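Here's the structure we're looking at; comments come further down.
The values are calculated or read from the model by the stated rules, or taken from the named source; none is laboratory data. The structure displayed is predicted, hence computed values, not measured ones. When we count neighbours, we look across all protein chains shown, and the Cβ atoms used for this are built from the backbone with ideal geometry, even at glycine. In case anyone asks, the SASA skips ligands and DNA or RNA and just uses the protein heavy atoms, side chains included. Shrake-Rupley method; radii C 1.70, N 1.55, O 1.52, S 1.80 Å.
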Amino acid sequence: RPCRMGGMTPQSTIIAARCFATTVVLLVFGGLAQGVEPPSPAPKPKHANRLAKETSPYLLQHAHNPVDWYPWGEEALARARQEDKPILLSIGYSACHWCHVMAHESFEDEETAALMNRHFVNIKVDREERPDLDRIYQTAHQLMMQRGGGWPLTVVLDPKTQAPFFAGTYFPREPRHGLPAFRYVLQHVADWYAQNKDQLGEQDRRLREVLQRLEPVAEGRQVLSDAPLGQAFLQLERNFDSEHGGFSDAPKFPHAPQIELLLRLWARAPQRYGAALSMALFTLHRMCEGGLFDHLGGGFCRYSVDAQWMIPHFEKMLYDNGPLLALCSAAARIGSDPVFTQAASLTADWVLREMQSPEGGFYSSLDADSEGHEGKYYVWTREEVAGTLPDEDYRLFAQRFGLDRAPNFEGQWHLHGYESVDRLAKASGQSPEAIRERLAYCRKTLFDLREKRVRPGRDDKILTSWNALMIQGLAAAARQLGRADCLHAAQRALDFIHCTLYRDGRLLATYKDGKAHLTAYLDDYALLLEAVLELLQLRWRGADLAFARELAEALLTHFEDRTHGGFFFTAHDHEKLLARMKPLADEALPSGNGIAARALNRLGWLLGETRYLHAAERTLQLAFPAMQNHPLAYPTLLMALQEALNPPEILILRGTPERLRDWQAALAQNHALQRLIFAIPADAAELPAALADKKPQGEIVAYRCRGLQCSAPVSRLEELAAG
C-alpha cells in the first residue's frame with residue numbers, strides 16, 4: 001500500500017477521473033499478474049549518482065542506489081528527448097514508510113536497477129520540495145486509475161511532453177497482495193512504449209484537456225452567501241463518528257481545517273451551530289487521548305490506520321502539528337479541559353526540543369521507522385514498563401494506557417488513553433491532580449528510557465510553508481497558554497525565513513545545510529502572510545508589517561489570475577510544466593487560495609488597502625460554485641467566506657507597553673476566534689489605517705473596527721470589553 005494522501009478530493013475530480021478512460025492504461029495492466037525473467041545484473045556503480053549533489057534528505061537517501069537517478073531538471077528531460085526513452089518519475093518523501101520499503105526492495109536491487117537504467121531516464125522527486133510536480137502527477141494518477149494515489153508515486157512519462165501514460169504507487173519486488181512485481185511492470189511498460197509510442201499524442205491531448213477542465217472557471221458575478229457554511233455543518237454532522245470522533249471511517253486523518261471550521265461556526269453563531277462545538281471538542285479530545293498522539297514526547301502522527309485513533313502511521317509531520325497545536329491551544333481556553341492543555345504543552349515542548357534548528361527554522365518531519373521497523377521507537381513490552389516503574393505506578397499507568405489489555409501493535413503496546421484521569425481518580429479515591437502527578441512521573445521516566453533507543457530519522461530540510469504553519473501554532477500556544485518561549489521560537493523562525501529565504505522581494509521554498517533554493521509556491525506566500533499577521537497580534541513590529549505588505553504584493557504580482565480570479569499554485573515566471581494549476585480544495589495543507597483570501601482580507605482591513613480586498617473577493621467569487629456543490633472539500637475557503645460576509649472585530653490598541661499588555665490580556669480572554677487584537681506601542685512608526693492620522697492620547701486608546709469602518713476612540717477598558 002502507498003503512504004496515503006489524506007486530502008479531500010473534490011467531487012469534480014472524481015467525476016472527471018471516471019470519465020477519463022485511457023487505452024494505454026488498460027493495455028499496460030492487461031497482463032500484470034504474470035512474472036518476468038530478470039535482466040542480467042548491472043555492475044554496481046563505483047560512485048554516487050547525481051542525487052548526491054541535492055539537499056533533500058529524501059533524495060540523498062537514494063544517492064547510492066544503483067539506479068541512475070536524476071533530480072528533476074533540464075539535464076534529465078533533455079536526455080530523455082535525445083535518447084527517446086520514457087521518463088520513470090518516482091515521487092516520495094523522507095518520512096514515508098512505503099517509500100523506504102520500495103527503495104529497499106527495488107531501487108537498491110541490482111537487477112531492478114539494471115532494468116530501469118536500460119529502458120528509462122529515472123527521475124526522483126521529493127514531493128515536499130516540489131509540490132507543483134506532485135500535485136500534477138497525483139491528479140493525473142487519479143484521472144488514469146480512477147482512485148486516489150499516494151507515495152511512493154510511480155509515473156511513466158512521454159519524453160517529449162512529460163505527459164504520463166502509466167501511473168501507479170507502490171509495487172513490490174515479487175508479486176503479492178494482487179500487485180505485480182515491479183520488474184515486470186518495468187518490462188511491460190518499456191515493451192509497450194517501444195511498440196505503441198506513436199499513439200501517445202492523442203492521450204497527451206486528452207489528458208491536458210481534462211486537466212484544463214478541472215481548473216475552476218469564473219461563472220459570472222456570484223451573490224455570496226453563508227449557504228455553503230450551513231451545508232458543510234450538516235454534512236459534518238451526518239458524517240460525525242459519535243463514538244470515536246472524526247468524520248470518516250478508517251483510516252482517519254486529523255483534517256484540522258474541518259475542526260477549525262466547526263469552532264469558528266460556533267463562535268460566530270452559537271445558537272445556530274451549538275453542536276459544532278461539541279463535535280469539534282470531542283473529536284480533538286479523542287485524538288489527544290488516542291495513539292495518534294505521542295503521550296511521552298508530544299506531537300501528533302500523520303493519521304490513524306483504524307477508526308479509534310489507536311494505531312498511527314508513525315511519521316510526525318510539521319505541517320500537521322502546527323495547526324493541531326493551534327487547535328489544542330484554543331480548545332484549552334474554550335473548554336478548560338486539562339487534556340487539551342497537556343496535549344498543547346507537550347506538542348510545543350516537542351517542537352522546541354526536537355524540531356527547531358540552531359538557525360531558528362523548523363525541520364520538516366520525523367520518520368515512521370527506526371532500525372528498519374515502523375513504530376519501533378514508540379511501542380513497549382509489558383516487561384519494559386513493569387521493570388521501570390514502581391508496582392503501584394505501573395498498575396495505574398497500565399490502566400490508563402492499556403497495558404492491562406491485549407497488545408494492540410504486533411504483539412506489543414502502543415500507548416492509547418483508555419481510562420480517563422477522572423475515572424482513575426474516582427476508583428482510587430485520590431484527586432485528579434494527584435493522579436496526573438503520578439502519571440507525569442511515569443511518562444517522564446519512560447520518556448527518559450525511550451531517549452536511549454535508536455531514534456527515527458529526521459528530515460532536516462526547512463520548508464517555508466510548513467514553518468509558517470508552525471509559527472501560527474506557536475503563536476496560538478503563546479497567546480492561549482501564556483508561553484513566552486513559544487513566542488520567542490516563532491519569532492526566531494520568522495526572522496530566519498525573512499533573512500534566509502527571502503531575496504529581492506521573492507521567497508524561496510526550502511533550505512538545508514546553508515543552501516536556500518527553489519522558487520516558492522502559493523502556499524509559501526499565503527501561509528507566511530497569515531503567520532506574520534498572527535505574530536503582529538502578539539507583539540507589534542513595524543518591520544513585520546512591512547514584510548506582510550511585501551508578501552501581499554508578491555501574491556498579487558506573481559500568482560493572481562486577474563482575469564478570472566483566484567491564485568495559481570506557481571508564479572507567472574515558474575518553470576513551464578504539464579499544467580498550471582489553481583487549487584481550491586484543502587489537501588495535506590490548507591488551501592492556498594483559502595488562506596490567501598482570508599489573509600488578504602485581514603491585511604486589507606488593517607491597512608485600508610482595497611486592492612487586497614478585491615483580490616480576496618475575486619477568489620471567493622471564483623470558488624463559490626465549488627463551495628456550494630461540495631462544501632466539505634473547501635473548509636479553509638469556507639472560513640474565508642465566513643469572514644468576508646461578517647468581518648471579525650479588529651481592536652487596535654495604542655499606548656504604553658504596560659497598559660497594552662494588561663488590555664491585550666483582558667480582551668483576548670474569550671474571543672480569540674472572533675476578534676483580532678493589535679497592540680501598538682505609542683512610538684511605533686508603521687501604523688494601520690485607523691491610526692494613520694492620529695496621535696497617541698493618554699496612556700492608552702483603542703479603536704474598534706469592522707471591515708473598513710472604525711469607531712471613535714475608547715479610553716476605558718470596561719467600555720471596550722462591554723462591546
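Here are some notes:
- Looking at Gly298, Gly291, just one residue is under 20 Å from Phe362 (Cα atoms), open to solvent by less than 10 Å² (accessible area, probe 1.4 Å) and not acidic (Asp, Glu), and that residue is Gly298.
- Number of residues in the stretch 182-227 that are more than 19 Å from Pro86 (Cβ to Cβ) and open to solvent by less than 20 Å² (accessible area, probe 1.4 Å) equals 2.
- Qualifying positions in the stretch 305-347 - among the polar types (S, T, N, Q) and at positive phi: Ser336
- Selection of the stretch 283-298 for residues being charged (D, E, K, R) and part of a helix (DSSP H, G or I) yields Arg286, Glu289.
- Listed conditions (1) at pLDDT 95 or above; (2) over 19 Å from the mean Cα position of the chain (by Cα) are all met by Ala640, apart from (2).
- Residue match in the stretch 127-145 (condition: of a type in the set (A, V, I, L, M, F, W, C) and closer than 19 Å to Met317 by Cα): no
- Qualifying residue in the stretch 466-473 (condition: of a type in the set (S, T, N, Q) and open to solvent by less than 10 Å² (accessible area, probe 1.4 Å)): yes
- Helices (runs of 4 or more DSSP H) contained in the stretch 79-168 and holding at least 3 residues at pLDDT 95 or above and open to solvent by less than 10 Å² (accessible area, probe 1.4 Å): 110-119, 131-145
- Failed criterion for Arg405 (all others in (1) free of Cβ contacts under 8 Å to residues at least 12 places away in the same chain; (2) in a loop (DSSP other than H, G, I, E, B) hold): (1)
- One residue stands out among those in the stretch 243-257 that are touching a residue at least 12 places away in the same chain (Cβ under 8 Å) and open to solvent by 40 Å² or more (accessible area, probe 1.4 Å): the one that is nearest to the chain's Cα centre (by Cα), which is His255.
- Scanning the stretch 340-371 for residues being over 20 Å from Arg443 (Cα atoms) and in contact (Cβ under 8 Å) with a residue 12 or more places away in the chain gives a total of 16.
- Residues (touching a Leu at 6+ places or on another chain (Cβ under 6 Å) and of a type in the set (A, V, I, L, M, F, W, C)) located in the stretch 439-460: Cys442, Leu446, Phe447
- Only residues that are in contact with a Lys or Arg (Cβ under 9 Å, 6 or more places away or on another chain), among the polar types (S, T, N, Q) and part of a helix (DSSP H, G or I) were counted across the stretch 299-340, and they come to 1.
- Meets criteria (over 28 Å from Arg302 (Cα atoms), buried (at least 21 other Cβ atoms within 10 Å of the Cβ) and among the aliphatic types (A, V, I, L, M)) for Ala552: yes
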